[in-house]
Structures are given as C-alpha cells and as structure tokens.
Amino acid sequence: MPKFYCEYCGIYLTHSSPSGRKQHSRGKKHESARQDYYRAVMMDLVDQLKACFQKNVIPTFISKDTIKRLLITHQSIFQGLSTTAFVETIDQLGLSGTRTPYMQVPQMMLPPQGLYTQMVPQQQFMRY
C-alpha cells in the first residue's frame, strides 16, 4: 500500500492505514492547515469578484447565491465600488439597502400573559 499524501499539510503519512489517516485528520496541525487552505480559496474568490467589478464586468463564473454571501461577509472589501456592473449585481441580488442577514433568526412568540394558565387543564392524578 503506497504512502498517503496530505495535500493540506504537504506531508506523507508514515501510517497510511485508515486509522492512521483518521488520526491525522483529527490533529490540530491538519485542522489549521485545512482552515488556511479554505481561507485562501475564499480570498481568491473575493479578489476575482472584485477584479470583475473593477473591470465593469458582471461575473458569471460564480453562482448568484455565492456572490450574495461573499458581498455580505466581505462587505468592507467591496466598499467604494460604484461601477455599473457592481450596482446592477447589487440591485439584482436585493442588497441595495442596508446590510441584510443571509439567514434571519426566527423570533420566539410567547402567548399573552394569563392565557397559558387558562389553556392548561387541571391535573388529575390517577391511582393504581
């Protein structure tokens, strides 16, 4: 069985069995390397998106949902852009007002005071 190469960490595992791979993937160094990798991928996407907007081109290589998430989470990077492609994309995604959360937190509704005690029947105890 050949040695396993971890692309996030850039190392060959000496114990390339499934249990050795699992142990490696739960380690702190691997978790940190994986987070750094995906952070770099995300920043690369943001840079490509910003370059498209600066060239006044509406991006088609990313889905609209992904563009919306990137615009909301990295709002400070896109501040100050006013090209027509950027404004059109903002209007199409419905982000032209204030910052809107991607997923709204549901509000818990409580019944009016006194109503709950009226709805609950008196407890009856059963004897065996």
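Please treat every number below as a calculation from the coordinates, not as lab data. Everything quoted here is computed from the prediction, not taken from an experiment. For neighbour counting, all protein chains shown are included, and Cβ atoms are generated from backbone atoms with ideal geometry for every residue, glycine included.
For a label point 7 Å from the Cα of residue 56 along Cα→C-beta, name the residues of segment 81-95 whose backbone N is under 17 Å from it.
Counting only backbone N, you get 81-90.
How many nm separate the modelled label positions at residue 48 and residue 82, each set 7 Å beyond the Cα in the direction of the Cβ?
About 2.9 nm separates the two model spin labels.
Starting from the amide H of residue 11, placed 1.01 Å from N in the peptide plane, find each other amide H under 5 Å away whose residue is 5 or more places distant or on another chain.
6
In a shell of Cβ-Cβ distance under 10 Å around residue 25, excluding residue 25 itself, what net charge do Lys and Arg (+1) and Asp and Glu (-1) give? Please list the in-between numbers first.
On the way: positive: 21, 22, 26, 34; negative: 31.
For residues surrounding residue 25, the net value is +3.
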